[in-house]
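Below is one structure, written out as structure tokens; the observations come after it.
The values are calculated or read from the model by the stated rules, or taken from the named source; none is laboratory data. Everything numeric in this text was worked out from a predicted model, so none of it was measured. Note that each Cβ is placed from the backbone with ideal geometry, even for glycine, and that neighbours are counted across all protein chains shown. Keep in mind that these areas ignore ligands, DNA and RNA; they rest on the heavy atoms of the full protein, side chains included. Shrake-Rupley method; radii C 1.70, N 1.55, O 1.52, S 1.80 Å.
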Amino acid sequence: MIPLTLEQEVNQIGYVSRSVPKDKDLAEEIRRMKQEKNAVILAHYYVDGAIQDLADYIGDSLGLSQQAAATDADIIVFCGVHFMGETAKILSPDKKVIIPDLNAGCSLADSAPADKFAAFKAQYPDHIVLSYINCSAEIKALSDIIVTSSNALKIVESLPKDQKIIFAPDANLGRFVSKKTGRDMVLWDGACIVHIDISQEKLNALRVKYPNAKFIAHPECQEHILSQADFVGSTTALLKYVVDQPEMEFIVGTEAGILHKMKQAVPHKKIIPAPANENNTCACSECPYMKMNTIEKLYNTLYYELPEIRVPEDVRVKAYDSVMRMLEMSKNL
Ligand code: 13P
Ligand code: SF4
């Protein structure tokens, strides 16, 4: 049998499985290769703390898209999930965009297959499509405006009152925006497996244990969880809240990776992750896709410059319009 080339192997399994040097400090090697190759590492708050510490920029989905659009690096290494790498490629088609593991998907993006969504959209010809950035390039190409958790409310508010809207793919974020803005929207029924898994029972017990703690949550959580929150916001907004507020204790209803930055920013405050139903190793909410990013895979992705994100050009140009509309609208918000 002819052995597979590295590229063929990566296409099959989604990442470079070669062993990494045992005698070298991988973090140091990653920093060195980054300089040598003029690469930039962008990381979402949900990836492992050790990876966040190696990143040039750590942020929420909006901030990461803005960075991907503005960078003058030759290579963008995206430590996040697949749709984030795709968004970087949509915005910067001339850059090489690589991610540590192509298998790092997202339940929201997976909930909206392009063919089913196109048929759904066809039922509402007089509606515009607002899609949460957590969707595939194909869904972005079928959308009019992309939104993130930090600008969805303001973008919806900026639209004419009689504008009919489809909101996809996160029904929880859609319901939250609809309630806040008073706008009736047609919702696609997708959800984030991590945020819908916060345990009400365990949260109750935690609030009894920490009666002075503020409970803050990401809008991907379910309505009954959001209705108990003292503050709802994107990951960047949640981080800003714990820094700015005078309180000393916070229960945080989102993926636990954000605690790394929160603890660095306010080491004197008590930051408690909201508990999940699932018994994860940390007894908190962890995104299994974000956690596919490891230091070893990051080393290999930079070393071999694989796997690379590719978006068909006809899809990319349409998706570019809806993402750029968001970036333009976000400037004035
Ligand atoms: P933000 O980055 O907009 O806070 O969204 C969180 C998320 O779930 C990303 O996958
Ligand atoms: Fe997707 Fe949820 Fe993971 Fe974010 S936390 S990448 S929305 S599955």
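Observations on the model:
- Residue 46 vs. criteria out of contact with any Cys (no Cβ under 7 Å at 6 or more places or on another chain), within 16 Å of ligand 1 (Cβ to nearest atom) and not aliphatic (A, V, I, L, M): no
- Sole residue being under 19 Å from residue 256 (Cβ atoms) and at pLDDT 95 or above, chosen from 167, 215: 215
- Taking the criterion of being assigned to a loop (DSSP other than H, G, I, E, B) and exposed (fewer than 15 other Cβ atoms within 10 Å of the Cβ), the residues of segment 249-285 that qualify are 267, 268, 277, 278, 279, 281, 282, 283.
- In segment 63-91, residue farthest from residue 311 (Cα to Cα) [restricted to those that are open to solvent by 10 Å² or more (accessible area, probe 1.4 Å) and small (Gly, Ala, Ser)]: 70
- Matching residues in segment 175-194 - criterion: being away from ligand 1 (no atom under 13 Å from the Cβ) and not in a helix (DSSP H, G or I): 182, 183, 184, 185, 186, 187, 188, 189
A quick yes/no check of all residues on (1) part of a loop (DSSP other than H, G, I, E, B); (2) touching a Phe, Trp or Tyr at 6+ places or on another chain (Cβ under 9 Å); (3) open to solvent by 50 Å² or more (accessible area, probe 1.4 Å); (4) without any contact (Cβ under 8 Å) to a residue 24 or more places away in the chain:
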position: 173; (1), (2), (3), (4): no, yes, no, no
position: 196; (1), (2), (3), (4): no, no, yes, no
position: 203; (1), (2), (3), (4): no, yes, no, no
position: 212; (1), (2), (3), (4): yes, no, yes, no
position: 215; (1), (2), (3), (4): no, yes, no, no
position: 221; (1), (2), (3), (4): yes, yes, no, no
position: 229; (1), (2), (3), (4): yes, yes, no, no
position: 237; (1), (2), (3), (4): no, yes, no, no
position: 241; (1), (2), (3), (4): no, yes, no, no
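- A search for C-beta distances below 7 Å between a residue of segment 244-267 that is under 13 Å from residue 44 (Cβ atoms) and any residue that is among the β-branched types (Val, Ile, Thr) and within 14 Å of ligand 1 (Cβ to nearest atom), counting only pairs 6+ apart in sequence or on different chains, returns 254/235; 255/194; 257/47; 258/235; 258/252; 261/58.
- Checking residue 288 against (1) more than 18 Å from the chain's Cα centre (by Cα); (2) in a loop (DSSP other than H, G, I, E, B); (3) of a type outside the set (Phe, Trp, Tyr); (4) modelled with pLDDT of 95 or more, the condition it does not meet: (1)
- Any hit, segment 116-132, residues being within 16 Å of ligand 2 (Cβ to nearest atom), touching a strand residue (DSSP E or B) at 6+ places or on another chain (Cβ under 7 Å) and at pLDDT 95 or above: yes
- Among the numbered conditions (1) over 16 Å from residue 148 (Cβ atoms); (2) away from ligand 2 (no atom under 16 Å from the Cβ); (3) hydrophobic (A, V, I, L, M, F, W, C), the only one that residue 91 does not meet is (1).
- Restricting attention to segment 49-62 and to residues that are within 11 Å of ligand 1 (Cβ to nearest atom) and over 16 Å from residue 86 (Cα atoms), the residue that is most open to solvent (accessible area, probe 1.4 Å) turns out to be 58.
- Counting only residues that are among the acidic types (Asp, Glu) and within 13 Å of ligand 2 (Cβ to nearest atom), segment 27-86 holds 2 of them.
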